[in-house]
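The numbers here are math on the coordinates, done by the rules we state, and not lab data. Owing to the predicted nature of the structure, the values given are computational and were not obtained by experimental measurement. Cβ atoms come from the backbone with ideal geometry, glycine included; neighbour counts cover every protein chain shown.
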Amino acid sequence: MRDFHKPGRSAVFATNGMCATSHPLAAKAAVSILESGGNAVDAAIAGAVLLGLCEPQMTGIGGDCFALISKPGEDVVAVNGSGRAAAGMNAASLREAGHKTVPLGTPDAVTIPGAIDAFCHMSGTWGKLGLADSLAPAIRYMDSGVPIAPRVAFDLQSGCERLTGHGRTHFLLNGKTPQTGDIFALPGQAEVLRRIAKDGRDAFYTGEVAEDMVASLQAAGGTQTMDDFAAAKTTIAAPISGTYKDRELLEHPPNGQGATAILLLNILSQFDLASMDPFGTQRAHIEAEATKLAYDTRNRFMSDFDYMTRLDHMTSMDTARDLAALIDPNRAMKSATDISEAVHKDTIYITVVDKDRMAVSLIYSIFHSFGSGLASEKFGILFHNRGAGFSLEEGHPNEMAPGKRPMHTIIPGLLRGAGQTMPFGVMGGQYQANGHGRVVTNMVDYGMDPQSALDAPRSFAEGDTLSVERGYSDAVRQELADKGHNVIVPDTAIGGAQAIVIHDSGLLEGASDPRKDGCALGY
């Protein structure tokens with residue numbers, strides 16, 4: 001139980017249905033869908049698409065998504081709504097042009113957006129009400145606008161600098177960065193959604209909307225074609241899993257980095273974290289070292305599932321034991337990661353549980369803040385830059401190639417065991433696998449309830465720095481520096497997270513990260 005003398009959040013309890021996400025209007029839209037007879041899939045789509053307006057720097061219909069769908073008595077399903085490289089995209093041409101990494105703000109980084117195809121597939125396969133009902137809240141708000149929330153306004157101060165051309169036309173207000181309380185609308189996208197509600201995925205991937213996207217990309221130098229958009233296709237698979245003490249962690253298979261979270265927890269299981277101060281120096285140090293090793297492994301092997309040959313190696317406990325043996329409890333190693341792929345921290349996460357206890361764990365992103373910064377001319381569809389997740393290294397399993405999916409940082413999670421099932425996600429780009437490990441160990445090793453596990457301070461070893469939030473004491477920061485870490489206090493809080501626990505009793509318990517504007521709502 002939290003100390004009610006101090007600022008904080010209580011968990012949200014309900015018995016019928018619940019949504020937890022990073023903006024209250026999206027949470028309300030999702031719960032309204034549940035109250036009107038929709039299921040968790042209907043509601044998750046409603047909330048997610050609306051978040052493209054509420055948090056336009058984080059996500060949108062020009063992006064990708066992944067989801068885990070859980071129904072009582074059935075196997076969990078992994079939905080891959082990430083797009084593929086266009087037929088004209090390849091690493092060799094970029095290497096010949098002198099690039100060592102994929103240029104972020106160009107069509108070279110724009111793989112075909114996959115989220116809309118995934119939402120249409122999810123609605124048709126598992127939904128109850130239909131796509132038109134799920135898209136209705138977003139259409140209404142995109143026409144009328146929503147007030148800019150405080151955390152969104154904070155992110156926009158730097159994010160809007162990435163916008164160029166039509167991106168500035170559609171996402172700035174009279175040429176200026178939106179401020180807290182300003183009303184922000186996307187009427188062009190409202191029209192796109194109306195067409196999708198009527199005609200399904202073809203309204204996005206063929207016809208006038210696709211022509212607008214292709215023409216805008218080609219005008220900026222892109223190779224994308226109408227055939228590339230028409231070929232977009234969601235894939236369905238089984239999740240991958242690992243165990244941490246008495247819990248099973250389900251993750252989306254590659255091309256997402258879920259296997260990295262499993263590897264990280266396997267490494268951490270070699271140490272007695274429970275004996276360490278949860279907010280002390282030693283736990284932060286061990287986690288940082290394990291993160292460096294897990295991410296180095298990711299950078300060597302993670303790719304499109306069809307190209308990845310070392311998944312078993314990543315999820316093997318033998319691999320984890322070998323890596324754990326490299327950790328010095330008293331000294332920081334030089335970063336194990338020599339990364340050539342672009343990584344950043346912009347995405348949204350939404351989880352919904354309905355009265356029948358179907359659960360959706362869904363993550364939806366345009367990658368960098370405002371993605372590529374490019375938007376289509378007529379409808380204002382902002383293009384993500386997920387192609388920047390490709391490597392340009394010749395022969396790398398994640399090397400850019402036509403028709404291939406890049407490595408993604410975004411991962412939905414599902415934790416189960418000890419009388420609970422918990423769909424959850426941690427935003428924060430590259431941090432996400434570390435974030436999954438932090439939330440799981442907060443709950444399992446330190447007995448934190450979900451809200452406390454999300455509230456707790458975070459640290460993250462990335463490159464040659466260790467970011468340590470202000471929730472840690474100055475003494476801990478100094479002790480970490482004494483161990484050899486290059487300690488910084490990040491300008492922005494690390495990530496954001498949402499979770500809903502389904503207790504075996506049927507009770508729902510929602511948690512929402514205070515680092516974002518959102519909340520958990522139930523009925």
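The relative contact order of the chain, computed from alpha carbon pairs under 8 Å that lie at least 6 residues apart in sequence, is 26 percent. Based on Cα contacts under 8 Å between residues 6+ apart, region 126-261 shows a relative contact order of 19 percent.
Report summary: the helix-based calculation at 222 nm, which adds -39500 (n - 2.57) for every DSSP H run with n ≥ 4 and divides by the residues of the chain, gives -10500 deg cm²/dmol. Scanning residues 5 or more positions from G81 or on other chains, those with amide H under 5 Å from its amide H are C65, F66, A67, with H placed 1.01 Å from N in the peptide plane. Computed about the Cα centre, the dipole magnitude for the chain is approximately 560 debye when only Lys and Arg (+1) and Asp and Glu (-1) carry charge, each at its Cβ. In this structure, the amide hydrogen of Y244, modeled 1.01 Å from its nitrogen in the peptide plane, lies closer than 5 angstrom to those of L249, counting only residues at least 5 positions away or on a different chain.
Need the full-extension length gain, D227 to F279, defined as separation in residues times 0.36 nm minus the C-alpha distance. One decimal, nm.
13.5 nm
Ranked by Cβ crowding within 10 angstrom, fewest neighbours first, how are S459, S82, S144 ordered? If you can, show how the numbers build up before the last one.
Details: S459 26, S82 30, S144 11.
Ordered from fewest to most neighbouring Cβ atoms within 10 Å, S459, S82, S144 come out as S144, S459, S82.
What lysines sit close enough to K176 to cross-link, taking a C-alpha to C-alpha distance under 22 Å and skipping anything fewer than 8 places away on the same chain? Reachable lysines: K378. Taking Cα Rg over 2.2 N^0.38 Å as calculated from this structure, the corresponding entry among (i) 0.90; (ii) 0.95; (iii) 1.19 is (i).
May I ask for the percentage of alpha-carbon pairs in region 447-523 that lie more than 19 Å from each other? Intermediate values should be presented prior to the final figure.
Numbers: 1397 of 2926 pairs.
The share of Cα pairs beyond 19 Å in region 447-523 comes to 48 percent.
Let me know the whole percent of all Cα-Cα pairs from region 176-293 that are separated by more than 25 Å. Pairs farther apart than 25 Å: 58 percent.
Near M276, within a Cβ-to-Cβ distance under 9 Å, what is the net charge of the other residues, with Lys and Arg +1 and Asp and Glu -1?
On the way: positive: R283; negative: D272, D277, D445.
After counting each charged neighbour, the total is -2.
Considering only I236, S22, T281, the residue lying farthest towards the positive end of the dipole of the chain is S22, judged by Cα position with unit charges set on Cβ. Paramagnetic label reach from R9 (point 7 Å along Cα→Cβ; backbone nitrogen cut-off under 15 Å): within region 429-446, residues 439. Cβ-Cβ distance of A97 and E208, R₀ of 45 Å, FRET efficiency by 1/(1 + (r/R0)^6): the value works out to about 0.90.
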